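Single-structure report; data block below.
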Amino acid sequence: MAVNHYENFPVGSWVLPKSLRAPVHALYAFCRTADDIADEGDDDPALRLQQLAALTAELDRIGRNEMPQTGLMQRLNQVAIRPFSLPLPPFYNLLSAFTQDVTTTRFSDETMLLDYCARSANPVGRLMLGLFGIHDATAQTQSDAICTALQLINFCQDVAIDCKKGACICRNTNASAMVLRCMKSMLRC
C-alpha cells in the first residue's frame, strides 16, 4: 500500500496472509483518512466535524445494509466489514475519538486519557483480531492493553508536534508521570 504520511508504517505487508492484505489496506485507509480529517491541514474545526459526521453517516448506511456513497466506505464494506462480519461499534468508537481530537486538546486526568485510548487505539486491535477470526475475551483484553500502551507511547513520541498544534495531552504539568502511571496500570492486565 503506497501511502505518504509522517506517521506511516508498513501496512498489509507480505508477512500478512494474502487474504488479509486488502482488508487491512481498507481498514488503514479508513483510519488514516478519519485521523487526517481530525488532525491535519488548516481546515476549520466545524468543517472537520462535518467531514467526520459524513463518515459516521456512511457507517449508518452500512448498518442499514445500504450502499455507502464514498469509494472509501464502499471498499471498507466490501473487503473488510461484510466478508469478516466486523462489528460497527469499533468504527464508531474511532470516529468518536477523532471527533474528540477536534474538540478537546487536553486530558484533565488519567481516566479521560485511558477513555480516549479505549476509543482511539483499542478498536484497531479488536478489528484486526476480527480479521483473523479471533473473538475471545482474553485476546481482546490483551489486545486492548497492547493498543493502549502503543497509544500512550505515541503521545510521548509526538509531544513536540502536538504542543505546536496546541494539543498537549495533559493539563497538569506532570504529563509524563501520568502517562507512566497509565502504562503501569496496563501491565497489570
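Does N8 satisfy the condition of being outside any helix (DSSP H, G or I) and modelled with pLDDT of 95 or more? Steps first, please.
On the way: outside any helix (DSSP H, G or I): yes; modelled with pLDDT of 95 or more: no.
It is false that N8 is outside any helix (DSSP H, G or I) and modelled with pLDDT of 95 or more.
Among the listed residues A38, A57, A53, A46, identify the single one that is modelled with pLDDT of 95 or more and under 16 Å from the mean Cα position of the chain (by Cα). Walk me through it before giving the result.
Details: A38 fails: modelled with pLDDT of 95 or more; A57 fails: under 16 Å from the mean Cα position of the chain (by Cα); A46 fails: under 16 Å from the mean Cα position of the chain (by Cα).
Sole residue among the options that is modelled with pLDDT of 95 or more and under 16 Å from the mean Cα position of the chain (by Cα): A53.
Could we say that D101 is at pLDDT below 95 and touching an Asp or Glu at 6+ places or on another chain (Cβ under 8 Å) here? Explain how you work it out, then say what you get.
Numbers: at pLDDT below 95: yes; touching an Asp or Glu at 6+ places or on another chain (Cβ under 8 Å): yes.
Considered against the rule, which asks whether it is at pLDDT below 95 and touching an Asp or Glu at 6+ places or on another chain (Cβ under 8 Å), D101 comes out as yes.
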What is the residue count in the range 72-119 for residues that are among the aliphatic types (A, V, I, L, M) and under 15 Å from A38 (Cα atoms)?
4
Does the range 121-141 hold any residues that are polar (S, T, N, Q) and surrounded by fewer than 20 Cβ atoms within 10 Å (Cβ to Cβ), and which are they?
T138, Q140, T141
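With respect to S120, determine if the residue is in the same structural domain as C156 (by TED's automatic domain parsing), in contact (Cβ under 8 Å) with a residue 24 or more places away in the chain and more than 17 Å from the chain's Cα centre (by Cα).
When the stated conditions are applied, S120 does not pass them.
Of the residues S108, S96, only one is within 20 Å of T148 (Cα to Cα), surrounded by fewer than 20 Cβ atoms within 10 Å (Cβ to Cβ) and touching a helix residue (DSSP H, G or I) at 6+ places or on another chain (Cβ under 6 Å); which? Let's see the steps before the verdict.
Details: S108 fails: touching a helix residue (DSSP H, G or I) at 6+ places or on another chain (Cβ under 6 Å).
After ruling out the rest, the residue left standing is S96.
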Helices (runs of 4 or more DSSP H) contained in the range 84-162 and holding at least 1 residues within 18 Å of L20 (Cβ to Cβ):
89-103, 122-131, 137-157
Number of the exception - A121 against (1) farther than 23 Å from D43 by Cβ; (2) out of contact with any Phe, Trp or Tyr (no Cβ under 9 Å at 6 or more places or on another chain); (3) at pLDDT below 90:
(3)
Search the range 125-140 for residues that are among the aromatic types (F, W, Y) and pair each with any residue that is outside any helix (DSSP H, G or I) and surrounded by fewer than 18 Cβ atoms within 10 Å (Cβ to Cβ) when their beta-carbon atoms are under 9 Å apart and the residues are at least 6 apart or on different chains.
F132/P17
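Here are R61, R75: which of them is within 20 Å of R21 (Cβ to Cβ), of a type in the set (D, E, K, R) and assigned to a helix (DSSP H, G or I)?
Values: R61 fails: within 20 Å of R21 (Cβ to Cβ).
Only one candidate qualifies: R75.
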A38, sole failed condition from (1) closer than 26 Å to K18 by Cβ; (2) buried (at least 17 other Cβ atoms within 10 Å of the Cβ):
(1)
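The values are calculated or read from the model by the stated rules, or taken from the named source; none is laboratory data. Remember, it's a predicted structure, so these values are computed and weren't measured experimentally. Note that we place each Cβ from the backbone using ideal geometry, even for glycine, and neighbour counts take in every protein chain shown.
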